[in-house]
Amino acid sequence: MSPRILTVMVVAVLAGVGLVAISSLGRGKASTPAPPRPAATRVAPVTPLPAPAAEAVLRITGVTRGNVSARTTKVDLATLDAVAHESVTVREPFLKHDVTFTGVRMSELLRRAGVKASARTLHMHALDDYQVDLPIAEIAADGMLATRADGKPIPIAKGGPIRLIFTASSAIAANTDNWIWSLDSVQARG
């Protein structure tokens, strides 16, 4: 580095130190810099589910904004398959062996369907008229709406076209009555 550049740099540093010293004169004490502000947290906007283009396979009621009416969201199989981007291998309690299911997390599905934040329970109904009420907090934690088993669509004869599965061991998952298949409607309550 040339002596001239070095001199300019030293003068600039000393001038900066002098300005800091001058700016703190007369204050009685050195000022403490303000703590940095926390970065604003951005919440991703919710992309609502589109209205069904084909026959609806699932009706969700008790929503704040529906895609077919004010309080109803309907979903066709193509839409469910489009949002079903997660695969998980679980021990299927009825077949007694591992199955890889592909589906959408219930937490995401409920959010995109417009389920009210105040809702506490889901009343779930199947094509064969089987019904079960489950707490949203537990379903949102490890529930998944499966549209495929081992990469293939789930036929009605095998519990399709959609079914609720659980991705973790929990008290709700241990009760096989909660593994509702051939699901056709969900009502958010309470």
Checklist entry - Is it the case that the stretch 81-89 has a residue that's open to solvent by less than 70 Å² (accessible area, probe 1.4 Å), among the hydrophobic types (A, V, I, L, M, F, W, C), assigned to a loop (DSSP other than H, G, I, E, B) and under 22 Å from ASN67 (Cβ atoms)? => result yes
Checklist entry - Restricted to the stretch 98-141, and to residues that are open to solvent by less than 10 Å² (accessible area, probe 1.4 Å) and farther than 24 Å from VAL68 by Cα, which residue is nearest to the chain's Cα centre (by Cα)? => result ILE139
Checklist entry - For the subset of the stretch 144-162 comprising residues that are in contact with a strand residue (DSSP E or B) (Cβ under 6 Å, 6 or more places away or on another chain) and open to solvent by less than 10 Å² (accessible area, probe 1.4 Å), which member is farthest from ARG65 (Cα to Cα)? => result GLY159
Checklist outcome for this item: By residue number, the members of the stretch 142-190 that are over 19 Å from the mean Cα position of the chain (by Cα) and acidic (Asp, Glu) are ASP150, ASP177, ASP184
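The values are calculated or read from the model by the stated rules, or taken from the named source; none is laboratory data. Because the structure is predicted, anything quoted here is derived from the model rather than measured. Positions of Cβ are backbone-derived with ideal geometry, glycine not excepted, and every protein chain shown enters the neighbour counts. SASA here: full protein model, heavy atoms, side chains in, ligands and nucleic acids out. Shrake-Rupley method; radii C 1.70, N 1.55, O 1.52, S 1.80 Å.
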